[in-house]
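Student: Got a structure for you, questions after.
The values are calculated or read from the model by the stated rules, or taken from the named source; none is laboratory data. None of the values given here were measured: they were computed from a predicted structure. Heads up, the Cβs are rebuilt from the backbone with ideal geometry, glycines too, and the neighbour counts pull from every protein chain shown. Protein only, heavy atoms only, side chains kept; ligands, DNA and RNA dropped before computing areas. Shrake-Rupley method; radii C 1.70, N 1.55, O 1.52, S 1.80 Å.
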Amino acid sequence: MTKAKRAKQPKAPKPRLPRGLQDIDSKPFTQQINMVSQLASLCEAHGFCALDTPALEYADVLGKFLPDAERPNEGVFALLDDDEQWLSLRYDLTAPLARYVAAHYDQLPKPFRRYQWGWVWRNEKPGLGRFRQFMQFDVDTVGASGAQADVEMCMLAADFMEALGIARGDYLLRVNNRKILDGILLSLGLDPDDAAYEMRRLTILRAMDKLDRLGMDAIRLLLGAGRKDESGDFTEGAGLGAAAIDKIVDFLQTDDKDRQAVLNRLGTHAQDKGKGAELVKIGLHELALMDELLTQLGYGAERVLFDPSIVRGLDYYTGPVFEMSLNMSSAKSQTGDAARVGAIGGGGRYDGLVARFKGVAIPATGISIGINRLMAAREAMGAMTEAEQEAGKARLVVVLVMDKTRLGDMLALVQQLRKAGIQAELYMGDGGMKAQLRYADIKGAALALIEGEDELAKGVITIKDLALGRQKAAEIADNAEWRASQHAQQQVKKEALIAMIQQKLQIN
């Protein structure tokens, strides 16, 4: 072949995965679906109804609420439609809910209570455990202004964790109130009438929101001149002076393990004579109402705790905000180090989001759980439920093809197995027996069924126990011992096949 001909051949693309995205194999994906099903059942028991909204929304519908505002595209993945309008992949499930409620408000029950799960996308800098596409599970009540709606979200979040096998004491929902935070900012002398107020406010709140991930020293830098991270990227700070930074740091630091103690400590900020004290009082009153209901219903501070360091990065929150964290001290990562995971869920009250469309305030509150992050954390903690563990068990039966003239008989056998409640498939490839067994083994099948000439003449079927074979292979020391063993293969009469398989797979 000449150089000219070689040059004309197109270059083969590399099978590369985009940065910040992941492929999810069968076992973890099945486990995720099982987990979502459990959460959905809890929501149904509380009277919430299911809803699904599209992955794409008009960019102005989603609004600019993301915490990664320093990126030129505001942290979303967007495209220009053929009608010259910008579409964006949804970055959460709450903004689309607000659009849906506004569009169907007259027909919906009020309050409107829905749950939803689905993929969301954020054009943010990826990192350990931080992906650009991830699954969320949301629960929201739109049209209820009382503290009981916020309390129900806290209760649901705690109940979710325990239903998924996370013991009490290994999870904690921490709660704060955006009104208190805004009151503190006003006390620093920030002027809401200043054109730069809103951007500066968001910069401060987003810096505070990174406390768990970056630590207090980094927060001081972000509240001041700015911070350069390990990669060399520089994030511009809020430009506060030393006295203002000290006040915020003092506000954030707490080791109180009692909700009333937190309220008492925060109450000192409501005694100031300056701007913001009244807003702090309102926020404290809302938290006090929540505390009263939570206490009456048996949700103590070991499950739901007030914490002034909880901010939540999204800009649309207007009142109580929630964040769920897990105690990972006993968990281990695949490398053997103590596993690390950030918040696995959060939410809060967003009374102004639907008002963007309706022009009138419509109260709303909700909470969101990160399915991918929660799954990884639970696996590290050993908190997988029985149903999810079953998803990883070898249950598949693969019927091998020894004679292609008998495909109809083999398909009939597969159909018979399925009718008996057995997961079964016929090998569809062109390989010989060795390739077929390798296929079944790679798939993690429990059993392979063989009906060759010898079996057909005897009226039997050979059952090859692949799961047992994998177990024994790890125990056998040499080839001689392997050849001498009859550990993973037996022949059974056709009429006894179903009962034998059900026994091996422990199917009732």
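Student: Which angle between 0 and 90 degrees, to the nearest 10, do you get for helix 277-296 versus the longest principal axis of the chain when only C-alpha atoms count?
Tutor: Here the helix axis deviates by roughly 40 degrees.
Student: To continue, here is another question. So how far, in whole Å, is the C-alpha centre of segment 206-226 from the one of segment 278-293?
Tutor: Answer, in whole Å: 26.
Student: Over the Cα atoms of segment 4-59, what radius of gyration and what Dmax do you get, in Å?
Tutor: Reported Rg and Dmax, both Å: 21.3, 70.
Student: Multiply the residue separation of Ser329 and Leu80 by 0.36 nm, subtract the distance between their alpha-carbon atoms, and state the gained length in nm to one decimal.
Tutor: On the way: separation 249, 0.36 × 249 = 89.64 nm, distance 4.63 nm.
That works out to 85.0 nm of additional length.
Student: On a full-extension model of 0.36 nm per residue, what is the gain between Ala167 and Thr268, subtracting their alpha-carbon distance, rounded to one decimal in nm?
Tutor: Numbers: separation 101, 0.36 × 101 = 36.36 nm, distance 3.48 nm.
That pair, Ala167 and Thr268, stretches by 32.9 nm at full extension.
Student: For Glu302, project a label point 7 Å along Cα to C-beta. Then give me every residue of segment 154-174 with its amide nitrogen under 14 Å of that point.
Tutor: Hits in segment 154-174 for Glu302 at 14 Å: 167-173.
Student: Another question about this same structure. State in Å² the accessible area per residue of the chain; use a 1.4 Å probe, count heavy atoms of protein chains only, and round to the nearest integer. Mind showing how you got there, number by number?
Tutor: Numbers: 25980 Å² over 508 residues.
With the other protein chains kept in place, the chain gives 51 Å² per residue.
Student: Taking 1 over the mean of 1/r across every pair of different Cα atoms in the chain, what Kirkwood radius in Å do you get? Intermediate results must be reported in sequence, preceding the final value.
Tutor: Working: mean 1/r = 0.0374 Å⁻¹.
About 26.8 Å, per the Kirkwood formula over Cα pairs.
Student: So what's the angle, to the nearest 10 degrees on a 0 to 90 scale, between helix 147-163 and the longest Cα principal axis of the chain?
Tutor: 30
Student: For the chain, give me the percentage of DSSP beta bridges that are antiparallel, rounded to the nearest 5 percent.
Tutor: Details: 53 of 64 bridges.
Roughly 85 percent of the DSSP beta bridges within the chain come out antiparallel.
Student: Run the numbers for Ser26 and Ile282: contour at 0.36 nm per residue of separation, minus the present Cα-Cα distance, in nm. Could you put the intermediate results ahead of the total?
Tutor: Details: separation 256, 0.36 × 256 = 92.16 nm, distance 4.91 nm.
Computed gain between Ser26 and Ile282 is 87.3 nm.
Student: What FRET efficiency comes out for the pair Ser145/Ala103, r = Cβ-Cβ distance, R0 = 22 Å, nearest 0.05? Don't skip to the answer; put the middle values down first.
Tutor: Numbers: r = 22 Å, r/R0 = 0.98.
The value I calculate is 0.55.
Student: Along the positive direction of the dipole of the chain (beta-carbon charges: Lys, Arg +1; Asp, Glu -1; about the Cα centre), which of Val397, Leu188, Ala59 reaches farthest?
Tutor: Val397
Student: Using the basic label-point model (7 angstrom from Cα toward the beta carbon), what is the Ala499 to Arg19 distance in nanometres?
Tutor: Those two pseudo-labels are separated by 6.3 nm.
Student: Continuing with this model, one more query. Which value in nm describes the separation of the simple spin-label points at Lys358 and Asp250, placed 7 Å from the Cα toward the beta carbon?
Tutor: Result: 4.2 nm between the two label points.
Student: To continue, here is another question. Mind jotting down the distance between the C-alpha centroids of segment 410-427 and segment 87-153, whole Å?
Tutor: The two parts, judged by their Cα centres, are 42 Å apart.
Student: Starting from the Cα of Gln260, step 7 Å along the direction of its Cβ; do the same at Met199; then give the gap between the two resulting points in nm.
Tutor: For the pair Gln260/Met199, the computed spacing is 4.7 nm.
Student: Further question: Given Cα positions, please report Rg to Rh for segment 130-236, the hydrodynamic radius being the Kirkwood one.
Tutor: Values: Rg = 18.0 Å, Rh = 17.4 Å.
Using only Cα positions, Rg/Rh for segment 130-236 is 1.04.
Student: Sticking with this one: In the chain, what percent of the accessible surface is made up of carbon and sulfur (1.4 Å probe, ligands and nucleic acids excluded)? List each step's numbers first, then the result.
Tutor: Details: 13280 of 25980 Å².
Roughly 51 percent, rounded to a whole number.
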